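Report on the following structure.
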Amino acid sequence: MKKEWPVWEVFIRSRSGLDHRHAGSVHAADAKMALENARDVYTRRQEGVSIWVVPSASITASDPEEGGELFEPAKDKVYRHPTFYDLPDELTHM
Amino acid sequence: MNKSLYDYLILLGDSPLILGHRLSELCGHGPNLETDIALSNIALDLFGQVRNWYQYAAEVHGEGKTEDDIAFLRYEHEYRNVVLTEQPNKDFAWVIARQFYFDAWHFSLLSQLTESRDERISAIAAKSIKEVTYHRRFSSEWVKRLGDGTEESHIRMQNAIAHFAMYKGELFEETNVEKEMFASGTGADFKVLKTQFDSFTNEVLNDAGLEIPQIDWTQRGGKQGVHSEHLGYILTDLQYMQRAYPGMQW
């Protein structure tokens with residue numbers, strides 16, 4: 001009998017001020033181990049300054065089959081993009 | 001050449017070199033991807049520290065000696081690692097128990113060396129202590145998890161902790177050069193080393209629900225160059241490239 005540890009999703013913040021971004025997943029028996037495994041697997045090359053781990057089972061995902069009704073309606077509404085504004089040069093993370 | 005300082009640096013570098021080699025053997029063979037990478041990371045941390053010790057040793061030695069000569073071109077009896085570090089990887093509990101004893105000792109040694117009167121030694125120790133703080137956390141967490149885990153993991157962890165207890169005495173046997181280095185403010189105080197080691201390992205073993213092995217003898221010899229049979233096999237692997245292709249680089 002082979003029991004796998006639960007899967008955790010890993011989010012890494014690469015620098016202060018930026019958002020945590022999904023980096024991948026790890027197996028771990030609990031949250032503490034998940035953090036350590038994420039550190040060992042995903043931050044070996046100075047990728048981050050902060051880690052979040054979330055049990056994959058806690059994530060509720062949208063159904064790909066419902067893609068049409070969820071996402072298609074936004075396609076022809078180009079006026080929702082803020083492309084009509086002039087952005088100041090100092091604003092780098094839009 | 002300052003022979004005492006050279007010998008001392010070799011003592012500092014050889015144990016992490018040989019343990020790092022043992023850990024590197026697990027690359028691709030860890031119990032799972034995450035632990036495999038974690039153990040390889042530790043091996044690489046140790047090799048980085050070893051390079052610092054050997055580079056300094058090579059400078060102290062002079063005559064064109066390099067870190068590679070020291071790592072790859074000595075004979076078995078010239079290595080000064082403690083025999084604990086050359087013991088083989090049997091199962092994961094063994095790997096963790098060996099690492100746990102080593103890290104507890106290594107952490108205390110390096111924290112003392114951050115105060116060394118030799119500035120180069122204190123700088124290397126200050127750089128290494130962050131890595132070793134994580135190593136010690138990793139191995140002691142695993143001792144607790146396995147000790148306090150399933151019936152099977154508890155038995156295996158207890159056996160491994162009991163087995164490696166016979167190697168820990170050597171960690172606290174002070175050679176003449178270590179006495180000399182302590183006296184001059186360069187080296188570590190072995191009484192403090194032993195006290196810190198005992199208090200840390202006892203606390204973790206208690207938390208893990210493991211029995212603290214009572215043992216009044218120790219395997220020894222590594223620090224004098226008298227090794228268990230395992231070191232010869234390690235060096236055969238470790239030195240192969242430099243022996244077969246002298247001076248090779250990549």
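Where a number appears in this text, it was derived from the coordinates with a stated rule and is not lab data. Predicted, not measured: the structure shown is a model, and the values here were computed from it. Cβ placement follows ideal geometry from the backbone for every residue including glycine, while neighbour counts extend to all protein chains displayed.
Summary table
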| item | result |
| --- | --- |
| Between 0 and 90°, nearest 10: helix A:31-42 axis offset from chain A longest Cα axis | 70 degrees |
| Long-range amide H partners of A:SER25 with built H, under 5 Å | A:VAL10 |
| Cα pair distances exceeding 19 angstrom across segment A:29-94, given as percent | 66 percent |
| GluC sites (Glu not before Pro) restricted to segment B:142-210 and DSSP loop, no more than 15 other C-beta within 10 Å | B:GLU173 |
| FRET E, pair A:ALA74, B:ASP207, Förster distance 56 Å, beta-carbon r, rounded to 0.05 | 0.55 |
| Sites B:TYR75 and B:PHE47 - FRET efficiency at Förster radius 35 Å, r taken between beta-carbons, to 0.05 | 0.95 |
| Unit charges on C-beta of K, R, D, E only; dipole of the protein assembly as shown, Debye | 500 debye |
| Exposed-site-free run, longest, chain A (rule: chymotrypsin sites (Phe, Trp or Tyr not before Pro); DSSP loop; at most 15 other C-beta within 10 Å) | A:1-83 |
| Cα lying deepest toward the dipole's positive end in segment A:7-62, options A:MET33, A:PRO55, A:SER14, charges on Cβ | A:SER14 |
| Normalised alpha carbon radius of gyration of segment B:1-108 [divisor 2.2 N^0.38 Å] | 1.12 |
| Charge tally in the Cβ shell below 13 Å around A:ALA29, where Lys, Arg are +1 and Asp, Glu are -1, A:ALA29 excluded | -2 |
| Residues in segment B:6-32 reached by a label modelled at B:HIS230 [backbone nitrogen below 13 Å; 7 Å Cα→Cβ] | B:18-26 |
| MRE, 222 nm, helices only [DSSP H, n ≥ 4, -39500 (n - 2.57), over chain B, to nearest 500] | -22500 deg cm²/dmol |
| Rg/Rg_globular for segment A:7-62, with Rg_globular taken as 2.2 N^0.38 Å and Rg from C-alpha atoms | 1.08 |
| Inter-label distance, nm, simple model (7 Å from Cα along the C-beta direction), A:GLU90/A:ASP63 | 4.9 nm |
| Scaled radius of gyration (Cα, divided by 2.2 N^0.38 Å) that the protein assembly as shown gives | 1.22 |
| Segment B:31-118: chymotrypsin sites (Phe, Trp or Tyr not before Pro) in DSSP loop, at most 13 other beta carbons within 10 Å | B:TYR75 |
